[in-house]
Structure formats: structure tokens, C-alpha cells
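Report on the structure given below.
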Amino acid sequence: MKIGGFQKQSLIDYPKKISSIIFTIGCNFRCPYCHNSNLLSSEKIKNISELKILSYLQNNKKYIDGVVITGGEPTLHSDLPEFIVKLKSFGYSIKLDTNGTNPEMLRKLIKDNLVDFIAMDIKAPLEFQKYNKATGGMLTEKLFENVKKSIHIIINSGVDYEFRTTLVPTILAKEDVFKICSFIKNANLFCLQKFNPENALNKKFQKLRPFEENEVNSIIEECLPYIRNIIYR
């Protein structure tokens, strides 16, 4: 695994669990508001030893409940299943963060019982042009279909999950969030995430202000007929 970051302990990244976070290197999107842009390619960041991370996790099982694998985009790594098997051998629950562009990898992980929680980012309404804008012009018809496939796979997986959308000005309007909700109607959980302009990949986005609290509350209220469990964080 190409790993670019490791956080030993987090109380907020895995619901109801104390977790360690592994950040993989590489992503097939270039979202202009991305705040982990140092992980986009191995040219920008040094690879962290997998053995060191595994050693830490093996020796600290009494303090950690689960491991979050995020990125970058973890499903780009063909050795992801083998890596998770090693983590599972220590007794950890696994949460996977994904952009949903590799549904075959998702199917394999679910089939082999290698993931206990899946968090998928839905960048924009499921309309090609809007999704392409949100992903930095990196979308293809194949990737777009993969995103839609992954949503259906996750909903029907039997695995705990959440869908997440970052409320980014100029990328999303209120009606765009409603469209997302209608596409994932009756999903278990929909998380609206606060846009953080600091360190955004596109410098223009570093000057944008996040949605105001009253705007977010209005969005949540109008989305409730589609999805009952909506949170903002």
C-alpha cells in the first residue's frame, strides 16, 4: 500500500469508535476544494512504511477500536484487500472512505466481509456536467456510471454506511442538495459537511466563505422528507 499519512488516534472519524486513520496516496479526482491535495500523487508526499503502521496497530489494540482507511482514494490500490486482512487479523473494525469510482473493489470488500462501515462522498447531483465540475474536470462516462453503481451497492450491502456531501459554494446550490437527497432517498444516513477553505487545491476556493448556519438549517429541513437521518458536521 502507498500510504502518505497516519493519525494514531481519532475520536470523530469512526462513529462510536476510537480509531486510527490511514491516508493512502493517489486519487482519480481533482476536486477544487480538496484539503488533502498533498495526497494526490506520490510526487508530493513521502511514502510511510506499511510495516511501521502495522506494528503500531498490533501493539496498541487495547487503545483503539477501529481503523479508518481514507485518502486520496483507497480503492485505487489493488492490494487494499490484502492490507485489510492484516488489519482484521488484529481484531479491528474497518471503516472505508471512498469516492465510489471502483464498484468492483467495493463488491469484493463487502463479499469478503472486510469492511464494517463505508462512507461515500457524493460530490454533486448525479448530473454529468455538475459532477464533472465538482471533481475538477476528471469525470468520464465510465467513472460517472461507477459512482451510481457504488451508491446502489452500498445501500444494498447490509454494511453500516453514510453518504457525505461537502457544502461548497459555487459547486452546490440548495436545489442541488435536494437532488442528491432524492437520488439516495431513504438512505441510512446523509452527512452534510462544512466546507473548509483552508488549503483548498484551487486557490480561488480558499477565498470562499462556507454556507451560513441558517442556510444549512434550511437545507436540512427541506431534505427531511427524503432522508430522516441528516447531520451537519
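The values are calculated or read from the model by the stated rules, or taken from the named source; none is laboratory data. All values reported here derive from a predicted model rather than from experimental measurement. Note: ideal-geometry Cβ built from the backbone for every residue, glycine included; neighbour counts use all protein chains shown.
Structure values in brief
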| quantity | calculated |
| --- | --- |
| Answer from E127, E145 - the residue that is closer than 19 Å to Y33 by Cβ and among the acidic types (D, E) | E127 |
| Qualifying residue in the range 8-24 (condition: surrounded by 21 or more Cβ atoms within 10 Å (Cβ to Cβ), at pLDDT 95 or above and within 30 Å of Q129 (Cα to Cα)) | yes |
| Matching option when the condition is among the polar types (S, T, N, Q) and surrounded by fewer than 16 Cβ atoms within 10 Å (Cβ to Cβ), among S157, S89, S150, S93 | S89 |
| Candidates M105, M138, filtered to the one that is among the aliphatic types (A, V, I, L, M) and surrounded by fewer than 17 Cβ atoms within 10 Å (Cβ to Cβ) | M138 |
| Subset of the range 158-180 [hydroxyl-bearing (S, T, Y), within 17 Å of G100 (Cβ to Cβ) and in contact with a Lys or Arg (Cβ under 9 Å, 6 or more places away or on another chain)] | T165, T166 |
| Residue check for V159: closer than 24 Å to I180 by Cα and over 13 Å from the mean Cα position of the chain (by Cα) | yes |
| Test: K111 is over 24 Å from C34 (Cβ atoms) and either surrounded by fewer than 17 Cβ atoms within 10 Å (Cβ to Cβ) or not charged (D, E, K, R) (or both) | yes |
| Wholly within the range 136-233, helices (runs of 4 or more DSSP H) carrying at least 1 residues that are basic (K, R) and under 23 Å from M105 (Cα atoms) | 141-155 |
